[in-house]
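Engineer: Before I ask anything, here is the structure I am working with.
Each reported figure results from applying straightforward, stated rules to the coordinates on display, with no laboratory input. This is a predicted model, so every value here is computed, not measured. Neighbour counts are summed over all protein chains in view; Cβ atoms, including those assigned to glycine, are modelled from backbone coordinates with ideal geometry.
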Amino acid sequence: MDKPLPPTRSRSPLPLFVIATAVAAFFLVRHGSSWLRRTLIYLSHAPWARQLVSSWGVAWRVASRFVAGVDREAAVAATRELNRRGIMVTLDYLGESCTHEGEALQAREEILRLLGDIAANDLQANVSLKPTQLGLKIDRELAYSNICTLVERAKAVGNFIRIDMEDSPTVDTTLGVYRQLRHEANLDNVGVVIQSYLYRSEADIEQLIDEGARVRLCKGAYAEPPEVAFPHKPDVDANYLNLSRLLLGQRAAEKGVYPAFATHDASIIEEIKHYVRAHNHLAAGVRVPDAPRHSPRSARAVGQ
Ligand SMILES: Cc1cc2nc3c(=O)[nH]c(=O)nc-3n(C[C@H](O)[C@H](O)[C@H](O)COP(=O)(O)OP(=O)(O)OC[C@H]3O[C@@H](n4cnc5c(N)ncnc54)[C@H](O)[C@@H]3O)c2cc1C
């Protein structure tokens, strides 16, 4: 969502792409999905990969499954189309782990403009942000001040900010920033994310329920060591269901918890919808989409 980068038809990097794909297939077979995840995380930080994806038509067609667009205009157009189909949206200005204060301020300004665009276009959308994009790895106070500015602006325009959860070394600081916003700055239009692959998440959720927090549950997207995270996917999935039930339980309802579920996993979405209907949580304000929606974009409707 920063500089628009129109696709060009210059020299095709096809040979490079074919070699990269062959190497990727080799490592994937040898080392499995943890290698793939580490590679994707590396690529998401690499400026050359970003440039390749946004300037080369084939790469962009692959990436567009995951990225709505390269500027705010594209984000507004994609959101309008999803809203037209009855789907609410959360918008994330991609980028993380900035290393200079200037980059953090640039990200803050872009998100401020995004909040303005949402209001000006009357969109059904909120904003998710990454604390390290706002400076968390440079200076915790810098990140707090940037995020506070954004949550205050969101409040002024009737919007909501979700603080994404990043890799495990940032979890305590991120939860601290969230709690300071919620309980010291008294901002109620902010929520946080918990990842089901972390062993600590059940304890975090129990505490967040006590606080009546707005929690989004996801599986987790970072390469974590087995000391802190379930190494096997079935355990991550089982914990997702376990944690979803805590967030949808009686105690959470009494505390006013409004949970969100971020996943593309069709069977988990169905299980959660079934659980909600069976336990009549609609009365507590939890909204269940009428029809099953399995497309990547629609997952954002369940997972804001
Ligand atoms: C709205 C939203 C917010 C998120 N916020 C965070 C966050 O703050 N922190 C964090 O660590 N992670 C976040 N994630 C990422 C999340 O943790 C997972 O890494 C990611 O969603 C893939 O896991 P899954 O739950 O979809 O299930 P998986 O078990 O990985 O996949 C289930 C099925 O969905 C398919 N699938 C997976 N991804 C896609 C896709 N993009 N499009 C279409 N199908 C797909 C898979 O092929 C598989 O068939 C978020 C995801 C979403 C959708």
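Engineer: Between E184 and E103, what is the FRET efficiency for a Förster distance of 35 Å, r being their Cβ-Cβ separation, to the nearest 0.05?
Structural biologist: On the way: r = 26 Å, r/R0 = 0.75.
Plugging the Cβ-Cβ distance into 1/(1 + (r/R0)^6) gives 0.85.
Engineer: Excluding N186 itself, what net charge comes from residues whose Cβ is under 11 Å from its Cβ, given Lys and Arg +1 and Asp and Glu -1?
Structural biologist: Details: positive: K155, R182; negative: E152, E184, D188.
Charge balance near N186 sits at -1.
Engineer: Near the amide H of D92, under 5 Å away, which other amide H atoms are found, from residues 5 or more places off or on another chain, if H is placed in the peptide plane?
Structural biologist: Answer set, sorted by chain and number: S128.
Engineer: Specify the inter-centroid distance of segment 115-132 and segment 174-191, based on alpha-carbon positions, in whole Å.
Structural biologist: Each part reduced to its Cα centre gives a spacing of 18 Å.
Engineer: H279 label point, 7 Å along Cα→Cβ, cut-off 17 Å on backbone N: hits in segment 207-222?
Structural biologist: 207-218
Engineer: Quick check: from the Cα gyration tensor, does segment 91-231 come out rounded (a/c under 1.5), prolate or oblate? Mind dumping the intermediate values first?
Structural biologist: Values: a/c = 1.72, a/b = 1.38, b/c = 1.25.
Cα axes put segment 91-231 in the prolate bin.
Engineer: Can you return the aspartates and glutamates within cross-link range of K273? Criterion is Cα-Cα under 12 Å, with same-chain partners fewer than 8 residues away left out.
Structural biologist: K273 reaches D290.
Engineer: Here's another thing I want to ask about it. Which entries of K155/K255; K137/K219; K155/K219 have Cα-Cα distances beyond 25 Å here?
Structural biologist: On the way: K155/K255 22 Å; K137/K219 23 Å; K155/K219 28 Å.
Too far apart for the 25 Å limit: K155/K219.
Engineer: Send over the per residue convex hull volume for segment 62-160, Cα only, as a whole number of Å³. It would help to have the intermediate numbers written out before the result.
Structural biologist: Numbers: hull volume 8.9 nm³, N = 99.
That works out to 90 Å³ per residue.
Engineer: Now, a different point. Under 18 Å from a point placed 7 Å out from the Cα of D235 along the Cα-to-Cβ direction: which residues of segment 180-206 have their backbone N that close?
Structural biologist: 195-204
Engineer: Counting DSSP beta bridges in segment 72-302, what percent are antiparallel, to the nearest 5? Write out the running numbers ahead of the final one.
Structural biologist: Details: 1 of 17 bridges.
Roughly 5 percent of the beta bridges in segment 72-302 run antiparallel, per DSSP.
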